[in-house]
Structure formats: structure tokens, C-alpha cells
Amino acid sequence: MNTSDVTEQGIRGQRPDREAMTGAAGVVSEQQRRERDARPGERSADGSDFASYYGKPVINRIVWEAPAIGGYLFLGGLAGASSALAAGAELTGRPDLARPMRYTALAAISGSTAALVYDLGRPERFLNMLRVFKPSSPMSMGSWILAGYGPLAGVAAVTSLTGWFPRIGRLATYGSGAMGALVTTYTAPLVCDTAVPAWHEGYRYMPFVFASSAVAAAGGTGLIAAPTAQSGPARRAAVGGALAETALATAMEHRMGLPGETYKQGRAGAFMRAAQTLMSAGAAGAVLGRRSRVVSALSGAALVAGSACTRLGVFHAGVQSQEDPKYTVVPQRRRLDARERGKDTQ
Amino acid sequence: MSTDNDEGTPRLGFFTDTSVCIGCKACEVACKEWNLVPEDGLDFTGMSFDNTGGLGADSWRHVAFVEQREPLGHQETGLGRKDTVDLGMPSFELPGASAAPEDRGEFRWLMSSDVCKHCTHAACVDVCPTGALFHTEFDTVVVQEDICNGCGYCIPACPYGVIDRREDDGRVWKCTLCYDRIGDGLEPACAKACPTDSIQFGDLDELRERAAQRLENLHEEGVSSARLYGDDPEDGVGGNGAFFLLLDEPEVYGLPPDPVVTTRDLPSMWRHAGVAAATMLAGVAATFLGGRR
């Protein structure tokens, strides 16, 4: 077969065949040659005539499972925002709000971490996540954030349950509240730092969508768990988070260009529409039913469900934008064509 | 731009000249044999002679087959006149039933052996949370299989769809540019097996020079559609360690036309997340400012 070798003196014995010419030069007249070289360069505006390799996706299939990673995103957000609410409740003397929020935070972050470990190809190697400290990897940073936040949330919840070490418990509550904001938002760079069009192109909005969605979920949990006498902040957080999330998610879809349409289609569309309905209903219920514990709790449940739907919607939009090569090829082709046109006019 | 790394080892890579690829798939076989890549299904895709489908955990070389009703360069088949019959590309119709007379006989077959691009700025290396993926002394990109925990983050991070998770194993796998061979001065298995030298291995600087010359020659001979892909150190991934000479637009071969390493935007992503975190804390604090209820 091939007898060429790479030696220290360079390549030896390469075959002449690699210089073989394709086609038969000189057979075609100069005029025919010009006609053939002038290939049409126009493309349709909607990107429907893009080229692909038998319609196969350009980027590989996302191996993450929707319930695991959707749940990981949702529970992490719920935990972080719950800790923030717990810290505020602790500071302003609302023990009946602070206590359930601390429990929620611990339960949610445990679930989030479990979902992450479950979704590893080699779960027994999950500690390898703490092998390096790598700001270029949101998953590495997230692991360190979880490693710092998890124990704080644990101490806050356990001291609250047992009544031991109240001062340490209070400090842990404040610490986990501050770190909770990081836990809530780091998952946005995590999904956006990929080549998945519907995720990457939304990176300016995604952390705000996730943060407001998490606040709505934590507020909703507060409405379920705390008596109406102390749930005022949770109610305001729930309503504010829900309104902000609905507005920001809509803005993100519209601003990201072509891949934004995946948020309206298929499963992603169903989850995003469900999220919008649940968020609107939950916010309305939280305002109108503020004197009723039952209506408040139902509204809270709607907001929690809505927040989970948002994460699942975002997840599925990413999967859908990966599966169709259009969302990878068309924006890149437009960028390339625009650059080449710019070069021509110079 | 210098491609030498700190130790002064020259950067090694592939130049895959698809204009001389004959689609024999010897590269796929040699790669599987040398690297002990497991069998991943003897599938029939039904779309072309390509029954591999694409790159993945168990396909580190993939030969694409593209069939087009276009002449290659200024190839003149002698067919295509009104009194000639259609060549009969595979179809469900009677040969020549739908082709206009001027289309008959115009046909080219593009074949291209795809592989990991070994990017200068590799997203897979950047996002790997365990440090399993790394740049070697040859500036190639390799997974350390004893460290990878199968988080799967590198898979959607790769703009080319190269790296993938092996289902029964849980870890990710891809081309190593035969890290075990090149350290001993051997060329990678695929390049060694390639009968037409469509796959060329060597110092990247030298390969780039050779590719530029080849492109010029092809253009002179009228193959105006020839272009280099991944050779530009100024592109979105800082240039590929494995680059190509293609005869059509990259997307025709399933390659992204203008890939950008996703981590280019990561500093901005962290800034946006930081602002969102601060806004969230301020918003939650504000909910406690109201009345006692």
C-alpha cells in the first residue's frame, strides 16, 4: 500500500498519485468553462434551501436525559432561590418562612446533585469533577459551587431541624443564601457554553430566565409551606419571578434569531406554552388568593410546575435545534456570506 | 503564526485532500483495527454507499459519499447528448425519466474522509470538567479514558459533531491522531492505509504549504469549486490540526460552514450570569422591604 514515511529529514517516498488531476483539462472550450464557473450564488432569505449531508445533524446528539438534566437545572434553581428567601426570612424574623425554605433548599440541592451524578456515564467517578478547577468549564465551576453550597445548605437545614448550634445555623443560612444566587445562575452558562444553537444564541438572556424562574419556584414553595401571616415576601417573589420569567423567555426566543423558533415547536413548544400558562395562573392566584391558604398553596404549586416546565422547554429546544442541521448551517452560512460580501466591496 | 508549542515539538496533523479520495474506507478499517474500536452495528443506511453515517464514539474516521448532478471541474464525459442514455444513478424511477436531456450524464461523486479536527481552540478541552481531555505535545487533542467520567459535556460543545459517548462504556471516545504511533515516529493508521494519499500526515506548516500548492494547481486545471477548509489559523477555532481540501461547500459534506469555539463567548456568559445573580439577590431582598405580611 502506501509506502511514504515521515522521517526526520521530511517525507520520503511519497507517491505521485496525490498530485493527480481530476477531470480532463483542455477538453472544454473557454466559453463553456466560464459558464460553468459562474455558479449561482443567491440563497433564499428564509434559509430553506440550505445544503446538508442527507439532512443529518452537524453536531452530535446530546446524551443528557431530559428528566435528569431538566431536573438538575430546575432543582438547582429551586435550591438556590430558596436559600436566598430563607436568608431574607431569617434576617427579618420570619421563622415560619425561613424553616421550610431551608428544608426545600437541602432537599432540592440533594436531588439536583443526584440527578447530575445519575446522568454521568461513569457515576462512580463523580469525584473526578473536583480533580481540577477550571473556569473555562461551567461544569467544573458548578461542581465547586455545589461543593461549597451543599454543605452550607445542609448545616442550615439540620441546625434548623434540631435546634443545635443556632448561631452557626444562622451563618450557614446567610452563606447559603448568598451562594444560592450562584447556584441558580451558573446553569445558564453551563447549557449556553455549547455549540447547540438554541442554547448558545440565548446566552445573554438565559441566566436571567433561569434566575427569575427559580425565584418564582422558590416563592411558590413558600406559598405552599408558610402560613399567610409570614409568606408576604414569598408571594412577592413568586409574582415578580413569574412575570419576569414570562417576559424574559419571550424576549430570548425573539432575539436569538433562527434557532429561537425551536422554542415554539414540538415538545419544547408544549413545555414553554405550559410554563407560560402555569406562571400566569400561579401569579394571578397568588395575588387574588392572598387571604386563602388553599388558593395560595395551589398557586404556589402552579409556579413550581411552571418553573420545571421552563427548564424542560429549554432543554428540548436545545435538542430540537441540534437535530435539524438548518439551525447550525444557516446562521453560519449567512455569517460567512456576509463576511465574503464585505471582502468583495473593499 | 507559529504552531510550535512550548517544548518546540512541531505541530502534527492531517491534510485530507478529498479530490483524490476514492471512497475505499481503508482509513475507517485501519483506524478500527489499530485502535481496537468496537463494532458499532453493520447498518444499511440506504442513502448512499455511506453506511457509517457519521463520526462517533466508535467511528473515528468516516467517509462521506455525496452524489451530485454536476460535472467535476471541466470533466467531459462524452455523454449528455440527446441521443445518449442516462447513467442510471440509483432511483425509484425509470432511468432518465425525470432528468432533462441537458442533465443526463452530468454526474460527480464527492468522497471525503472526515476525522476529528484537533482544533487549536478546542471546545471539548475547554468544557471538560475533569481534565480528561487535553492538548498533547503535538498539539493534538486526546481523551484520557482513565479520567473521563462520562459527563457528556464535550459532545454538544464540539461544533463538528466528532466526540461521542460509547453506550456500554459510559465514557467519550474520539480520534487520538494515533497518539501511540506518532510518538514513535509512525504515521497514524488511516494515513498509512490510504492508497491514494488523500490522507496526508505530517508537520502542519508543511501540510499547509502543500495544500495551498495543490489548491492552486486544481484551480488552474479548472476545478474552481476546490477550496481549503480548516486551514486558516484566524478562523473561529484558531485553525484545525486536521484540515481538508473540499470540492463543494462544507455543509454538503456535513461540516459546519463557519464553526466558532463556544468558549469564545464564555467570559461574556459569566458576566451575564454574575449580573443575573446580583439582580436576583437584589430582587429577593426587595420582597422583604414591604409590609409585615
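When you go through A:108, A:147 one by one, which is the residue that is in a helix (DSSP H, G or I) and buried (at least 23 other Cβ atoms within 10 Å of the Cβ)?
Testing whether each residue is in a helix (DSSP H, G or I) and buried (at least 23 other Cβ atoms within 10 Å of the Cβ) leaves just A:108.
Scan B:141, B:162, B:172 and give me the residue that is touching a residue at least 40 places away in the same chain (Cβ under 8 Å), under 28 Å from residue A:5 (Cβ atoms), β-branched (Val, Ile, Thr) and within 9 Å of another protein chain (Cβ to nearest Cβ).
B:162
Please tell me if residue A:280 is buried (at least 18 other Cβ atoms within 10 Å of the Cβ) and part of a helix (DSSP H, G or I).
Numbers: buried (at least 18 other Cβ atoms within 10 Å of the Cβ): no; part of a helix (DSSP H, G or I): yes.
When the stated conditions are applied, residue A:280 does not pass them.
Could you say whether any residue in the stretch A:178-188 is touching a residue at least 60 places away in the same chain (Cβ under 8 Å), more than 20 Å from residue A:304 (Cα to Cα) and more than 8 Å from every other protein chain (Cβ to nearest Cβ)?
Yes; the residues of the stretch A:178-188 include at least one that is touching a residue at least 60 places away in the same chain (Cβ under 8 Å), more than 20 Å from residue A:304 (Cα to Cα) and more than 8 Å from every other protein chain (Cβ to nearest Cβ).
Go through (1) touching a Pro at 6+ places or on another chain (Cβ under 9 Å); (2) within 14 Å of chain B (Cβ to nearest Cβ); (3) surrounded by 17 or more Cβ atoms within 10 Å (Cβ to Cβ); (4) over 15 Å from residue A:192 (Cβ atoms) and name the single condition residue A:335 misses.
(3)
So, in the stretch A:135-156, how many residues would count as being touching a Ser or Thr at 6+ places or on another chain (Cβ under 8 Å), more than 19 Å from residue A:170 (Cα to Cα) and away from every other protein chain (no Cβ under 11 Å)?
Summing the residues that are touching a Ser or Thr at 6+ places or on another chain (Cβ under 8 Å), more than 19 Å from residue A:170 (Cα to Cα) and away from every other protein chain (no Cβ under 11 Å) in the stretch A:135-156 gives 1.
Being more than 16 Å from the chain's Cα centre (by Cα) and more than 7 Å from chain A (Cβ to nearest Cβ) is the filter here; which residues of the stretch B:242-267 pass it?
Hits for the stretch B:242-267 are B:264, B:267.
Is there a residue being at pLDDT below 95 and in contact with a Gly (Cβ under 9 Å, 6 or more places away or on another chain) anywhere in the stretch B:240-255?
Taking every residue of the stretch B:240-255 in turn, at least one turns out to be at pLDDT below 95 and in contact with a Gly (Cβ under 9 Å, 6 or more places away or on another chain).
So in the stretch A:189-223, with the set limited to residues that are facing another protein chain (nearest Cβ under 7 Å) and not in a helix (DSSP H, G or I), which one is surrounded by the fewest Cβ atoms within 10 Å (Cβ to Cβ)?
Here the answer is A:204.
Could you list, in sequence order, the residues of the stretch B:190-217 that are in contact (Cβ under 8 Å) with a residue 60 or more places away in the chain, surrounded by fewer than 23 Cβ atoms within 10 Å (Cβ to Cβ) and in a helix (DSSP H, G or I)?
B:192, B:193, B:205, B:208, B:210, B:211, B:214, listed by residue number.
Conditions: (1) more than 17 Å from the chain's Cα centre (by Cα); (2) modelled with pLDDT of 95 or more; (3) within 13 Å of chain A (Cβ to nearest Cβ). Residue B:45 meets all but one. Number of the miss?
Condition (2) is where residue B:45 drops out.
Specify the residue that is nearest to the other protein chains (Cβ to nearest Cβ); the eligible residues are those in the stretch A:104-125 that are among the small types (Gly, Ala, Ser) and within 17 Å of the chain's Cα centre (by Cα).
Taking the stretch A:104-125 as the starting set, the residues that turn out to be among the small types (Gly, Ala, Ser) are A:105, A:107-108, A:110-112, A:114-115, A:121.
Still in the running and within 17 Å of the chain's Cα centre (by Cα): A:112, A:115.
Details: A:112: 14, A:115: 12 Å.
Filtering first and then ranking leaves A:115.
From the list A:211, A:195, A:188, exactly one residue is over 26 Å from residue B:149 (Cα atoms) and at pLDDT 95 or above. Which is it? Spell out the reasoning first.
On the way: A:195 fails: over 26 Å from residue B:149 (Cα atoms); A:188 fails: over 26 Å from residue B:149 (Cα atoms).
Within the list A:211, A:195, A:188, the selection yields A:211.
If you scan the stretch A:62-94, which residues turn out to be touching a strand residue (DSSP E or B) at 6+ places or on another chain (Cβ under 8 Å) and of a type in the set (D, E, K, R)?
none
So in the stretch B:106-159, with the set limited to residues that are β-branched (Val, Ile, Thr) and surrounded by 24 or more Cβ atoms within 10 Å (Cβ to Cβ), which one is farthest from the chain's Cα centre (by Cα)?
So, considering only residues that are β-branched (Val, Ile, Thr) and surrounded by 24 or more Cβ atoms within 10 Å (Cβ to Cβ), the one farthest from the chain's Cα centre (by Cα) is B:130.
Filter the stretch A:159-174 down to residues that are in contact (Cβ under 8 Å) with a residue 12 or more places away in the chain and surrounded by fewer than 20 Cβ atoms within 10 Å (Cβ to Cβ) and give me whichever is farthest from residue A:87 (Cα to Cα).
If we take residues in the stretch A:159-174 being in contact (Cβ under 8 Å) with a residue 12 or more places away in the chain and surrounded by fewer than 20 Cβ atoms within 10 Å (Cβ to Cβ), then A:161 is farthest from residue A:87 (Cα to Cα).
Against the definition (in contact (Cβ under 8 Å) with a residue 24 or more places away in the chain, assigned to a helix (DSSP H, G or I) and either of a type in the set (S, T, N, Q) or within 13 Å of chain B (Cβ to nearest Cβ) (or both)), how does residue A:72 come out, yes or no?
In short, yes.
The values are calculated or read from the model by the stated rules, or taken from the named source; none is laboratory data. Remember, it's a predicted structure, so these values are computed and weren't measured experimentally. Glycine also receives a Cβ, built like all others from the backbone with ideal geometry; neighbour counts cover every protein chain displayed.
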